[in-house]
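So the structure is just underneath, and the comments pick up after that.
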Amino acid sequence: LADLIEATDGPETVITKSAEEQALDKARKALDEGRFDTAVSLSEQLLHTWPATAHELEVKYIIKRAKAKNPSTPNKVGVLLPLTGNWQPAATRIQAAIDLSNKTHGEPITLVFADTKGTAEETEAQVARLVIEEGCVALLGPLLKANGEMAATHAQALRTPIVTLNQSGDPTAAGDFVFRAFLTMPQQIDTLLDHAVNREGHRRFAILHPKSKYGDTARDLFGAGVERRGGKVVSIIGYETDAKDFRATAKALAETTLDDSAKAELMALRAAAERRGKDPLRIKVPNNLTFDAIFIPDNNHRLVLLASALAYEDFPISRFGRGKAGKPLQLLGLNAWNHETLARDGGDYLSGGIFVDAFHTSSYAPAIQQFMTLFEDATGHAPNVTDALAWDAVRLVSPAVQKGRANRDDIRTALSKVRITSAVAGGTRFGADREVERKLMVLEVKSSGIEQWMMGEDEEEGDQDK
C-alpha cells in the first residue's frame with residue numbers, strides 16, 4: 001500500500017500517443033540524429049506493421065532522406081515558381097522581387113530557384129528534390145492554389161518549413177510546418193467591412209457577384225461578415241463571367257427593392273408597353289432603395305460595365321443621382337479592382353467607390369516610398385502588390401532561417417516568432433494560424449485616380465488609421 005500511495009503523490013505519467021505514433025517518433029529521431037540505417041529499418045517496420053498508416057508519405061520520405069544521408073545546408077532556401085508556361089511572366093517578376101529583397105536586407109540567405117512549370121506533379125517533384133537532394137532547410141512558394149496545397153502537404157511530410165505564396169486555398173491546414181505570406185480573401189473582406197460598417201456607417205448591403213468559385217466564396221464570406229457585425233444582406237444577384245452587357249443584372253437588382261404593390265405596378269406598366277408594341281423591358285424600375293452599399297467582388301474590366309449598367313437603371317452611384325440620405329450608394333470591392341486604368345475607364349461611374357489591398361503607390365508611408373524608389377531603380381518598373389508581398393515574405397523567412405541554420409524544426413519555431421519593421425505590404429509577423437497578420441490599405445476611386453482613403457473633415461483626427 002505504501003508503494004501505491006507514494007506512486008500517486010506526484011503527477012501521473014500518461015501515455016497519450018499510440019504505438020504507431022511512438023514508432024514514427026523513433027524513426028524521426030533516428031533520422032535527426034544521423035542514424036540513417038536505423039531510420040530506414042524503423043520506417044520499413046512501421047509500414048509493414050501499419051500498412052494503412054495516415055503517415056505513409058512522411059515515413060516514405062524518411063526512408064528517402066535517410067538513404068540520401070539527409071542533407072541540410074545552413075541558410076539554403078528553395079523557391080518554387082512556375083518559371084515556364086503560362087505563368088512565366090508573373091513568376092519571373094516575383095523572382096526578381098525575391099532576389100532583390102534578399103540582397104537588400106542584411107546577411108542574405110542562399111536561394112535555389114526551382115521551376116514548378118505550373119503543375120501539381122512538377123511541384124511535388126521539385127519539393128522533394130530541393131529538400132532531399134539540394135538540402136534546403138526551408139521553402140518559399142509556390143503561387144497557384146493547387147500547387148500551394150500540394151507543396152504544403154509534401155513539405156509537411158518532409159518536416160521542412162514552407163512559406164507559401166498562393167492567395168486562395170488553405171495550405172496551412174497541412175500542418176505546423178506550413179505558413180502563408182500572401183494576401184487572403186478573408187483578410188480583405190474583414191478590412192473592407194470594418195471600414196464600411198464602422199467608418200461609412202453602412203448596415204444594409206446588396207451583392208453583385210460573378211458565378212465563379214472566386215465570386216461565390218467572396219459572396220459567402222462577405223455575407224457572414226455582415227451578419228457578425230449586426231448588418232444585413234438584403235439582395236444577392238449572380239451573373240455569368242462571360243457576360244458583356246449587365247443591364248439585365250442591374251434591372252434584376254432594382255426589382256429586388258420593390259414591395260408587392262410596386263411589383264404589381266411595374267408588371268402593369270410593362271403589359272401596357274407590350275400592348276403598344278414597345279419593349280416592356282425598357283420600362284425603368286422605380287428604385288426604392290433598401291441598402292446602403294453594393295459589394296462587387298470582380299475585376300476592374302467587368303466592374304466598369306456593371307457600374308455603368310447600374311447608372312443606366314437609375315441607381316444613385318457616383319455622380320448619378322442621390323439616395324434617400326442625400327448621398328450616392330457606395331460600391332465596395334476587393335483588390336481585383338486595383339488596376340491603373342480603373343479611374344480612367346470608369347471614373348464617372350466609380351468615383352467614391354472603396355476597395356482594399358495590401359499595397360498601393362499612393363501610400364504616404366516613408367517605408368513604402370523608399371521601397372518604391374529602390375525597386376524602380378533596380379528593376380526599371382514600379383512595384384505592384386505582388387512585388388511588395390514577395391519582398392516582405394523574404395524578410396519574414398530570412399531571419400528565421402539564419403537563426404535555425406540547418407535545423408528545420410528550429411526554423412519552424414523561429415518563423416512563429418519573427419517580427420519585421422516597416423513592412424511594405426502591411427504584414428509584420430505570422431499569427432497563431434500561421435497566416436501573416438496584415439493591416440491593409442483602404443483605397444478610394446477618384447476621378448484623378450486611385451488614392452489612399454482619408455477621413456473627412458468632420459471626423460476626429462485622432463481616429464485616423466496610420
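Readers should treat all values here as calculations from the given coordinates under stated rules, not as data from a laboratory. Everything quoted here is computed from the prediction, not taken from an experiment. No Cβ is skipped: glycine too gets one built from the backbone with ideal geometry, and neighbour counts run over all protein chains shown.
Some notes on this structure:
- Entries of LYS76/LYS417; LYS213/LYS327; LYS26/LYS64 with Cα pairs more than 22 Å apart: LYS213/LYS327
- Sum of side-chain charges, ILE189 neighbourhood, beta-carbon under 12 Å (Lys, Arg +1; Asp, Glu -1): 0
- PHE177 long-range amide H proximity, modeled H, under 5 Å: none
- In this label model, LYS26 and ASP220 are separated by 4.4 nm, measuring between points 7 Å along each Cα→Cβ vector.
- Net charge, ALA378 excluded, C-beta distance under 10 Å - Lys, Arg +1, Asp, Glu -1: -2
- Net length available on complete extension from LYS69 to GLU376 is 106.2 nm, with 0.36 nm assigned per residue and the Cα-Cα distance removed.
- Of interest is the spacing of the C-alpha centroids, which for segment 22-51 and segment 237-254 amounts to 59 Å.
- Extents of the chain, largest first, come to 93, 64, 47 Å (Cα atoms, principal axes, whole angstrom).
- Unit charges on C-beta of K, R, D, E only; dipole of the chain, Debye: 980 debye
- In sequence order, segment 169-183 has phi-based couplings of x, 9, x, 5, 5, 5, x, 7, 8, 10, 10, 10, 10, 9, 6 Hz under the Karplus curve 6.51 cos²θ - 1.76 cosθ + 1.60, θ = phi - 60°, and Gly or Pro positions carry x.
- Backbone geometry of segment 329-344 corresponds, through the Karplus equation with coefficients 6.51, -1.76 and 1.60 at θ = phi - 60°, to 3J(HN,Hα) couplings of 4, 9, 8, 10, x, 10, 6, 5, 6, 6, 9, 5, 8, 4, 5, 5 Hz, x marking Gly and Pro.
- Between helix 213-228 and the chain: long-axis angle, C-alpha atoms, 0 to 90°, nearest 10: 80 degrees
- Label-point gap, in nm, between ARG276 and THR290 - each point 7 angstrom along Cα→Cβ: 2.9 nm
- Between 0 and 90°, nearest 10: helix 385-404 axis offset from the chain longest Cα axis: 20 degrees
- Between segment 142-170 and segment 175-196, the alpha-carbon center distance in angstrom: 16 Å
- Spin-label model distance (nm) - SER447 vs ASN198, 7 Å beyond Cα toward Cβ: 3.2 nm
- Within segment 46-124, trypsin sites (Lys or Arg not before Pro) in DSSP loop having at most 12 other beta-carbon neighbours inside 10 Å: LYS69
- Relative contact order of the chain, pairs being alpha-carbon contacts under 8 Å that are 6 or more residues apart, as %: 13 percent
- Angle in degrees between helix 88-104 and the longest Cα principal axis of the chain, rounded to the nearest 10: 60 degrees
- Summed over qualifying helices (DSSP H, 4 residues or more, each -39500 (n - 2.57)) and divided by its residue number, the chain shows a 222 nm mean residue ellipticity of -13500 deg cm²/dmol.
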